[in-house]
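Please treat every number below as a calculation from the coordinates, not as lab data. Just so it is clear, the structure is predicted and the values come from calculations on it, not from any experiment. Because the Cβ atoms are built from the backbone with ideal geometry, glycine has one as well, and the counts that use them run over all protein chains shown.
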Protein chains: 4
Amino acid sequence: MSQFRQKRIEWFKEKNKNRARLLIGCADQPGIVSSVSTFLFEQGANIVESSQYTTDPEGGMFFLRIEFEIDNLESREGEIEEAFTQIAERFSMDWRISYAYHIKKMAIFVSKEEHCLLELLWEWQAGELMADISLVISNHEVMRDTVESLQIPYYYTPVTKETKQEVEQRHLDLLEEQEIDLIVLARYMQILSPNFVSKHPNQIINIHHSFLPAFVGAKPYDRAYERGVKLIGATSHYVTDDLDEGPIIEQDVERVNHKDKADDLKRIGRHIERSVLARAVKWHLQDRVIVHGNKTIVFE
Amino acid sequence: MSQFRQKRIEWFKEKNKNRARLLIGCADQPGIVSSVSTFLFEQGANIVESSQYTTDPEGGMFFLRIEFEIDNLESREGEIEEAFTQIAERFSMDWRISYAYHIKKMAIFVSKEEHCLLELLWEWQAGELMADISLVISNHEVMRDTVESLQIPYYYTPVTKETKQEVEQRHLDLLEEQEIDLIVLARYMQILSPNFVSKHPNQIINIHHSFLPAFVGAKPYDRAYERGVKLIGATSHYVTDDLDEGPIIEQDVERVNHKDKADDLKRIGRHIERSVLARAVKWHLQDRVIVHGNKTIVFE
Amino acid sequence: MSQFRQKRIEWFKEKNKNRARLLIGCADQPGIVSSVSTFLFEQGANIVESSQYTTDPEGGMFFLRIEFEIDNLESREGEIEEAFTQIAERFSMDWRISYAYHIKKMAIFVSKEEHCLLELLWEWQAGELMADISLVISNHEVMRDTVESLQIPYYYTPVTKETKQEVEQRHLDLLEEQEIDLIVLARYMQILSPNFVSKHPNQIINIHHSFLPAFVGAKPYDRAYERGVKLIGATSHYVTDDLDEGPIIEQDVERVNHKDKADDLKRIGRHIERSVLARAVKWHLQDRVIVHGNKTIVFE
Amino acid sequence: MSQFRQKRIEWFKEKNKNRARLLIGCADQPGIVSSVSTFLFEQGANIVESSQYTTDPEGGMFFLRIEFEIDNLESREGEIEEAFTQIAERFSMDWRISYAYHIKKMAIFVSKEEHCLLELLWEWQAGELMADISLVISNHEVMRDTVESLQIPYYYTPVTKETKQEVEQRHLDLLEEQEIDLIVLARYMQILSPNFVSKHPNQIINIHHSFLPAFVGAKPYDRAYERGVKLIGATSHYVTDDLDEGPIIEQDVERVNHKDKADDLKRIGRHIERSVLARAVKWHLQDRVIVHGNKTIVFE
């Protein structure tokens, strides 16, 4: 790995030393918070942030995210997880501990439009996105220089109808080799196959250039222009097999008016897209997004 | 007419004395503004506000709205319109002069939800909506006291499948008798027939409780909740035969999150609906909205 | 008490039966959440919502708000509070339990501008503000009919320089007699004396018609117009002895432009003021606002 | 000049061929629009966009911006201006024609914070800012590589108390040599002397990192944090001798809450600053901003 990227990651690790997030989902029932917080207290944890949500106070699902610090956490991971298993079993919890110093490995897919990629790279350099951007994959060459100047590997993999399946397999191999945790589609204009999607559940974040569910599918700005809407938007969501139907993480809009042509909508939309995608990626990296059914709980 | 309403209208007339708006649409061509502004200058007009828009500088449509004042305008209406006909013919204009002191007559249709009606009544009392609210029609009795306390006639016309056609005819008769210029559907939960709509082209404003074209049709908040959107919206539009497909006048949104149930969305949405509808009605009353195809030009 | 108000309050009580909010502030230290949640578990509480905040993970202040339900809570208040005292003492907590079925008694002060009062009355009728609006006090008569039509007592107390002190004493007496919990200044254009303020710490909410700290003091819209700002705002805050310097609860803004005169700013501002004040009052009534120094923590 | 910049500018010139903006300010009086539009018609102009504003319909100031195209405009500049002088004299107009193909020369001043500069460079590459970025001046070296990679000259001029005057003179010389039309302070943390400012009236755009007039002066985010505001903002304005008191061009805000520390405000603020500054610079380059007294008219 290059020195620049390496340094970045070392810095992220240092900043997140001893820090982890406990994520829990289970049927709501008395005593959960009491048990979990007593457990963390006994482990010597310092709770940094805690958020919880019950879908329905009368018999719904309960979700909890606790960010905490424990001295020498790295050497105690196994012991803590084992100890927690007892509690988890008692409440039939779906749970995991995400160690913040295990920096998530992220792949970015991009086509020709650069604004979303540039925003992600910028936020990464500014320390806002604490990930290891392990590689950028594109069906075009345009962004190579920018990406490589940050010493991030750039894979140019052009796609045709004939090679689509083969290229996708190459992508899957790359992602597996690199042990990628998160795939970000930063205006990648190729549809992923169900096979690809099924291998990365709730690990692929897309930015759609409309306020979903308005303008599902192709050319949303042209259709927004045709419809004469007075606001345009962007939506970041997890990718599922149903095009543009996955769980929504974040959305935003900007005001437009009759003077704005389709090209103006595209230009204005770029500003919305890049900030909406960056927020969604940041929240995912911080384990703030929980998928429940086809919706997300975002512990901002 | 009651004294309160009468006084209101007298005040609106006084405030708009000598004031009119010239509205023009025609093929873009050299010399239009020159001719029109020279004409107004020669008529002694004082131009208060002027807005124009060309759909396409290369051979598009040209739209112009000029708000002006002319001394003793009421007595000169015929003369001015006749004189303008020459210019209008030269440029094949679609045009009209809207005299601001001819206070528009407005009917409000409402069902059980009161927030949009209340907002309109409030803005009317505050002098923001310079209309004669000539009547309120409802398929429920709930708003009678509020409406009648302002001395506005309230027509309770319950609707069943069997009586729908007959009731609509009664509405049409009422609107004709009262010479209504604008019909506002302030959360009126009945679908108008094509016959009704065709009699009032670009004269019926509806508020739809979603960010169109998302959630066209019934129960938009429930569907927004199901979809897990992060923003909810409202849309005011002119009514056409295609449900929720008419020209959009105004839209707005508010942020929501995973904690908000469908009922919370409805509650938050009420705030958006009432302000979006009130803005659209105000702009219409001020002749700021021009319908072009299925879109609006709003000279805010 | 009148029947209408009485019914409203009975309904609020019924909706909040068995519901309370535990509010805690203390030095951050290990074991708080564990102790508190174990306590609530042992009392048979069903936790509806829980929010916490630490000003600084390294030795700051810790704040907690837990909304919960306990069967037959009304009859168990004393017992529960006594039991909690032990925990509170161990952690040197500043704490209270606010029982949601003890409907807060609220007084509204208003001058001539009616929009904020109307919004509060409206939200109250809609069930959004679960308070007993026990009285409205005004130095003008204009709102009497509206207020009395809802069977809320209206006190007209004109103020002159000479009578100011005497009138304020009458207000204090009224508030004491009526056991008022919250005073809302809904565009009340009189400055309260330090004596008055000191008797109601963090119990007086004001709406200031600017985006504080811009335009502290009189005539903020005129000064905003003079300065040529491109956004105007409103701020709701607790009243302290320093004019417009108390802890801010909520703020919002709207876009304006060069065409907007001071009167337009006032008109646009009314929409911001009423929603900002209504949100602040709602949060206060739900015990979501904690004052810490000169700032607020709002557990939205 | 380098090839990259040269190509960019050639492209801007080509896109703006034959295009100009006529800008007029004068006492409001009958016949202005008639005369001006007749003049443009006779010159064979195609009007692309026209905006006007009267400060007060009763005897105020009148401002007009007309964007137009005339064939072979470059060769006819002198002739047209001479012909227009007659009209200008009749109405005592303050006027100018800004030829869009005369690409404005822009200097950017920056210190250590890079986000505003990056945004400007990005928008420039995307074709949104049609200027010749002729040079970047900084009291730090950090941005050299980024700037020079776009073949824009980078001047590193460190400043100390002793050298301040001398350095400023060097800047003035550079700006004069390069015939700079617009100076953008993209988070340049040095105060300009009255001498410097007076040489570039309404030609220096600054970004202030607060919602002016709140938090005039140093460390606005720290002070916003201390005050506990619920929204933070940024303001772009023309620089005058009164610190942070010049005519405001654009402002915007973002929501924050009690969890956001001063550092979070800075981070969130960067997003506001960069977009607010970019919009102001774009409007200035398109001659959409007219300074009137200490305010701006922005013909968006």
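Could you check the spin-label model distance between A:E177 and B:S149? Points 7 Å from the Cα along Cα→Cβ, value in nm.
Once both label points are built, they end up 7.5 nm from each other.
Express in whole angstrom the spacing between the alpha-carbon centres of the range C:112-134 and the range A:238-260.
Comparing the Cα centres of the range C:112-134 and the range A:238-260, I get a distance of 36 Å.
Report, for C:S193, each distance to the same residue's label point in the other copies, shortest first and in nm; define the point 7 Å along Cα→Cβ.
With the label placed 7 Å along Cα→Cβ, C:S193 yields 5.6, 7.0, 8.3 nm.
Since chains D and C are linked by a rotation, which residue in D has the beta carbon closest to its axis, and how far is it in Å?
So the closest residue, with its distance, comes out as D:A214, 2.
How many nm is it between the label spots at A:N202 and C:D263, if each spot is 7 Å from the Cα in line with the beta carbon?
5.8
Can you give the helix-only mean residue ellipticity at 222 nm for chain D, where every DSSP H stretch with n ≥ 4 adds -39500 (n - 2.57) and the sum goes over all residues, rounded to the nearest 500 deg cm²/dmol?
Numbers: 9 runs with 110 residues, N = 300.
Helices in chain D give a 222 nm mean residue ellipticity of -11500 deg cm²/dmol.
Placing a label point 7 Å from Cα toward Cβ, how far apart in nm is B:D264 from its equivalents in the other copies, listed shortest first to one decimal?
Result for B:D264, in nm, nearest copy first: 1.8, 3.6, 3.6.
What list of ³J(HN,Hα) couplings, whole Hz, do you get for the range C:172-177 from phi and the Karplus terms 6.51, -1.76, 1.60, once you set θ to phi - 60° and write x for glycine and proline?
4, 5, 4, 5, 6, 3
DSSP beta bridges in the range B:104-298, what fraction antiparallel, as a percent rounded to 5? Working shown, then result.
Details: 15 of 32 bridges.
That works out to approximately 45 percent antiparallel.
Taking a ≥ b ≥ c as the square roots of the eigenvalues of the Cα gyration tensor of the range D:17-99, is the shape rounded (a/c under 1.5), prolate (a/b larger than b/c) or oblate?
Taking the square roots of the gyration eigenvalues as a ≥ b ≥ c, the range D:17-99 is prolate.
Under the rule of at least 5 residues apart or a separate chain, name every residue whose amide H is placed under 5 Å from the amide H of B:V48.
B:E67, B:F68, B:E69
As a footprinting exposure proxy, order A:T146, D:T54, D:T163 by other Cβ within 10 Å, with the fewest listed first. Present the calculation step by step, with values, prior to reporting the outcome.
Details: A:T146 16, D:T54 20, D:T163 12.
By the 10 Å Cβ count, ascending: D:T163, A:T146, D:T54.
In whole Hz, what ³J(HN,Hα) sequence does the range C:99-115 give by Karplus (6.51, -1.76, 1.60; θ = phi - 60°), x for Gly and Pro?
7, 5, 7, 7, 5, 5, 9, 10, 10, 10, 9, 8, 10, 9, 6, 9, 4
Give me B:V159, C:V281 sorted ascending by neighbouring Cβ count inside 10 Å, so fewest comes first.
Values: B:V159 17, C:V281 29.
Exposure proxy ranking, most exposed first: B:V159, C:V281.
Which loop GluC sites (Glu not before Pro) in the range D:14-104, with loop taken from DSSP, have no more than 15 other Cβ atoms within 10 angstrom of their Cβ?
Numbers: sites: D:E14, D:E42, D:E49, D:E58, D:E67, D:E69, D:E74, D:E77, D:E79, D:E81, D:E82, D:E89; in loops: D:E58.
Here the sparse-neighbourhood loop sites are D:E58.
Can you give the FRET efficiency to the nearest 0.05 for D:E226 and A:R96, using r as the Cβ-Cβ distance and R₀ = 45 Å?
On the way: r = 39 Å, r/R0 = 0.87.
That pair, D:E226 with A:R96, gives E of 0.70.
Tell me the distances, shortest first, between C:K161 and the same position across the other copies, using label points 7 Å along Cα→Cβ, in nm to one decimal.
From this label point to the equivalent ones elsewhere in the assembly: 5.0, 7.5, 9.0 nm.
Below 8 Å between Cα atoms, with a sequence gap of 6+, how large is the relative contact order for chain C in percent?
On the way: 527 pairs, mean separation 47.1, N = 300.
The normalised contact order for chain C reaches 16 percent.
Dipole of the range C:17-99, Cα-centred, from +1 at each Lys and Arg C-beta and -1 at each Asp and Glu C-beta, to the nearest 20 debye?
Numbers: 7 positive and 15 negative charges, 29 e Å.
Charge dipole, the range C:17-99, about its Cα centre: 140 debye, nearest 20.
Name all residues of the range D:116-138 having a backbone nitrogen under 19 Å from the label point set 7 Å from the Cα of D:E254 along its Cα→Cβ direction, giving them as ranges.
D:116-123
Starting with the fewest neighbours, write out C:I249, B:I183, A:I87 ranked by other beta-carbon atoms found within 10 Å of each beta-carbon. Show your work: numbers first, answer last.
Numbers: C:I249 27, B:I183 23, A:I87 17.
With the sparsest Cβ surroundings first, the list reads A:I87, B:I183, C:I249.
What's the local net charge at B:E176, with K and R +1, D and E -1, over the other residues with C-beta under 15 Å away?
Details: positive: B:K105, B:R170, B:K199; negative: B:E168, B:D173, B:E177, B:E179, B:D181.
Result for the local shell: -2.
Near C:K104, which lysines are there with a Cα under 27 Å away, not counting those fewer than 8 places off in the same chain?
Candidates past the 8-residue exclusion: B:K259, B:K261, B:K266, C:K7, C:K13, C:K15, C:K17, C:K112, C:K199, C:K282, C:K295, D:K230.
Using amide H atoms built in the peptide plane, which far-off residues or other-chain residues are under 5 Å from B:E245 H to H?
B:T240
When the C-alpha atoms of chain B are aligned to their principal axes, what extent does each axis show, in angstrom, from largest down?
Between the extreme Cα coordinates on each principal axis of chain B lie 60, 49, 35 Å.
Kirkwood Rh, the protein assembly as shown, all Cα pairs: how many Å?
Taking every pair of different Cα atoms in the protein assembly as shown, averaging 1/r and inverting gives 33.2 Å.
Determine ³J(HN,Hα), in whole Hz, for all residues of the range C:247-254 in sequence, where each value follows from phi through the Karplus function 6.51 cos²θ - 1.76 cosθ + 1.60 and θ = phi - 60°; x replaces Gly and Pro.
Using θ = phi - 60°, the values come out as x, 7, 9, 7, 9, 7, 9, 9 Hz.
To the nearest Å, what is the center-to-center distance of the range A:12-85 and the range C:11-25, using C-alpha atoms only?
A separation of 28 Å, based on Cα centres.
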